[in-house]
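Structure first, commentary second.
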Amino acid sequence: MIKKFTFILCFLFLTNCGFTPIHNSKNNLGIFIESIDFQNGDRNINILIQNNLKRYQQTKFDNGYKIEANTNYEKKIIAKDETGAASKYKLEASVIFLVEKENVIKKFKFVETLSIDRISDDFDSKQYEETIKKNFANKFTNDLILKISQIQ
């Protein structure tokens, strides 16, 4: 009987602990994005950044932020093996955000670099590179939101 009572008591305390997800869909920062426009750049990074910023996008507000972005992604060979094949790469992604609100334009530039070794399997290499692009896009989005929240 005591085991059942302690189990029920523990269950009640743990289910009502007040857990809420960190990245819920609510916009607690008061940042509203009116429009997002990508001039050019890497298509995958553009799509990932746009998807990350959709949480803040609302067309109801007239005084929201208008964002223009220009991304760049490069994969450079930095080392070769004895046969002349690439053995190490440098991945570099950069983005320039032009943020406009009430005719005031702010420019933010973010750059991320990463050196990686060559992976022999082409499929795994592509998957790893896509994961890195996703991480770059998440970092750029978080940095932009942080900068916007500081200028409010």
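The values are calculated or read from the model by the stated rules, or taken from the named source; none is laboratory data. Quantities reported herein were computed from a predicted structural model and do not represent experimental measurements. Cβ coordinates were reconstructed from backbone atoms using ideal geometry, including for glycine residues, and neighbour counts include every protein chain displayed. Protein only, heavy atoms only, side chains kept; ligands, DNA and RNA dropped before computing areas. Shrake-Rupley method; radii C 1.70, N 1.55, O 1.52, S 1.80 Å.
Filtering the range 58-106 to residues that are more than 19 Å from residue 147 (Cα to Cα) and β-branched (Val, Ile, Thr) leaves 59, 77, 78, 83.
Mind listing just one residue for me: the one in the range 1-49 that is open to solvent by less than 70 Å² (accessible area, probe 1.4 Å), touching a helix residue (DSSP H, G or I) at 6+ places or on another chain (Cβ under 7 Å) and polar (S, T, N, Q) and, of those, modelled with the highest pLDDT? Here the residue is 44.
Looking at this structure, is residue 145 under 16 Å from residue 32 (Cα atoms) and either of a type in the set (A, V, I, L, M, F, W, C) or open to solvent by 90 Å² or more (accessible area, probe 1.4 Å) (or both)? It is true that residue 145 is under 16 Å from residue 32 (Cα atoms) and either of a type in the set (A, V, I, L, M, F, W, C) or open to solvent by 90 Å² or more (accessible area, probe 1.4 Å) (or both). Within the set 120, 125, 115, the sole residue that is over 30 Å from residue 151 (Cα atoms), among the small types (Gly, Ala, Ser), assigned to a loop (DSSP other than H, G, I, E, B) and without any contact (Cβ under 8 Å) to a residue 40 or more places away in the chain turns out to be 120. Please work out if residue 71 is open to solvent by 70 Å² or more (accessible area, probe 1.4 Å), among the hydroxyl-bearing types (Ser, Thr, Tyr) and not in a helix (DSSP H, G or I). For residue 71, the condition - open to solvent by 70 Å² or more (accessible area, probe 1.4 Å), among the hydroxyl-bearing types (Ser, Thr, Tyr) and not in a helix (DSSP H, G or I) - is not met.
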